[in-house]
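Following: one structure in structure tokens, then a few remarks.
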Amino acid sequence: MQKTKIRILHLRSSPFLGSPEKIILEQLKHLPGYCEYHVGVFDEQIGGSNDFITALRKHCRVYPLRDGLANFPPAVLEINRILRDSQIDVICSHDYKSNVASFIATWRQPVPRVAVFHGRTSTTRRMRLYERLDDTILTRFDAIVAVSQSQRQRLISLGITPERIHVIPNAVDVQAYLPSKQANPHSSLCLPATSRVVVYSGRLSREKGVYTLLEAARRVLAAIPDARFLLLGRGPEENGIRRQIAAAGLTDKIILPGYVSDVYSVYRSMDVFVLPSIREGMPLALLEALASKKPVIATNVGGVPEILTHDATGILIEPGKADCLAHAILDLLSNPAKAERLAAAGFHRVRSEFGVDDHVRLYVQLFSSLASCSSREENNAGRDLDNMGKAQAHSRVVPRS
């Protein structure tokens, strides 16, 4: 009997609820009825329950996978069992660990492999070694999704044939960011009611340019003492950032609230959003800020210029330039007409070009195409075996001369 659903198994190593996790969750809300997601999660979150696994359980079948080198072989065996028992049509992995697990688990199973290339952090020597291994493995995948044109070019430089690369930009559900009521995070975060708020949201790590942001914030606060900076998120540099803020005597003005579940209200009430990254793929936080109708400042790296046009839909600056970042923030805080113009144009860009409906449609088309090809190959193999059996039977009844 023919299957009525296309079943996709996603694999993700998840230390927190970041951009790839949000993308999968958003896709789940907009899938057509004939497409079904299953998600395996390598639980890297330290302490307590995993936020991604908790959120997934509201929408789909989720398989927690134990993290660590010793647990990797059992995890691969579990993935192999899921592929078989749940009749998975396509497996889609989202990071180097998941790519390796996907590659091994499908070694003897005819399940098409897709990898989503979100970008690279390369923060440690060990991680760079893993990423070099991943570069080799990716050449064996059936399809790779690049989240931006810049990432597509990087994949081609790794030796991946262009025909197997599919550019599907990240996306947001714009409706979720439109103000339904007046948001006021000032009270919950103990900010003065008159504060002008500058927000960064993302991983607290060096490749995100957080130390450049701290230096820029110091210069802005010298000119506008009632401004406040919110750095949303967690990461390996969190303790170092806190020490630097304390050393500058700015703990009441540069605030690290950690992971904020109601990021919508923070975005709606901020004055400026900044993304000072050194490297980027297609930053979801930038799309979220634009969907909130707020002016944005970001560095001219990765897929960022595919979202922003300088002085039209946002402000583009070069990475590592604290003076330029400070000047851009001061300019928008002191020029509300310019800020409003950029915010309106940025909102129009994200609504027309980075909506979630087109994003999901492209993913489903890719999965359906791969599942269809796999089915045809299985059917052809079955017919070949059937024909071989008939030929052998015929040879047994033909009398010898």
**Report entry** Hits in region 148-180 - residues which are farther than 18 Å from Arg279 by Cβ, assigned to a helix (DSSP H, G or I) and either in contact with a helix residue (DSSP H, G or I) (Cβ under 7 Å, 6 or more places away or on another chain) or at pLDDT below 90 (or both)
**Finding:** Pro162, Val174, Gln175, Ala176, Tyr177
**Report entry** Some residue of region 257-264 being in contact with a strand residue (DSSP E or B) (Cβ under 6 Å, 6 or more places away or on another chain) and crowded, with 20+ Cβ neighbours inside 10 Å
**Finding:** no
**Report entry** Residue, surrounded by the most Cβ atoms within 10 Å (Cβ to Cβ), within region 318-373, restricted to residues that are touching a residue at least 40 places away in the same chain (Cβ under 8 Å) and outside any helix (DSSP H, G or I)
**Finding:** Phe354
Requested in this report: Among what's in region 249-298 and is without any contact (Cβ under 8 Å) to a residue 12 or more places away in the chain and of a type in the set (S, T, N, Q), pick the residue that is nearest to Ala216 (Cα to Cα).
Outcome: Thr251
Report task. Sort out which residues of region 44-64 are of a type in the set (A, V, I, L, M, F, W, C) and in a strand (DSSP E or B), and write them in order of number. Result -> Val62
Report summary line: The condition from (1) buried (at least 20 other Cβ atoms within 10 Å of the Cβ); (2) in a helix (DSSP H, G or I); (3) at pLDDT below 95 that Gly235 misses is numbered (2)
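Taking the residues in region 53-76 that are of a type in the set (A, V, I, L, M) and in contact (Cβ under 8 Å) with a residue 12 or more places away in the chain as candidates, determine which candidate is surrounded by the fewest Cβ atoms within 10 Å (Cβ to Cβ).
Checking each candidate, the answer is Ala55.
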Query raised in the report: Across region 1-43, which residue is nearest to Tyr96 (Cα to Cα) among those that are in a strand (DSSP E or B) and of a type in the set (S, T, N, Q)?
Result: Ser13
Query raised in the report: Quick check: anything in region 90-103 surrounded by fewer than 16 Cβ atoms within 10 Å (Cβ to Cβ) and outside any strand (DSSP E or B)?
Result: no
Requested in this report: Only residues that are among the polar types (S, T, N, Q) and either surrounded by 15 or more Cβ atoms within 10 Å (Cβ to Cβ) or under 12 Å from Tyr363 (Cα atoms) (or both): list them for region 157-180, please.
Outcome: Asn170
**Report entry** Only listed residue being at pLDDT 95 or above and either not in a strand (DSSP E or B) or not assigned by TED's automatic domain parsing to the domain that holds Ala291 (or both), chosen from Leu230, Leu256, Leu250
**Finding:** Leu250
Query raised in the report: How many residues does region 1-35 hold that are of a type outside the set (Gly, Ala, Ser), crowded, with 20+ Cβ neighbours inside 10 Å and without any contact (Cβ under 8 Å) to a residue 40 or more places away in the chain?
Result: 1
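The values are calculated or read from the model by the stated rules, or taken from the named source; none is laboratory data. None of the values given here were measured: they were computed from a predicted structure. Heads up, the Cβs are rebuilt from the backbone with ideal geometry, glycines too, and the neighbour counts pull from every protein chain shown.
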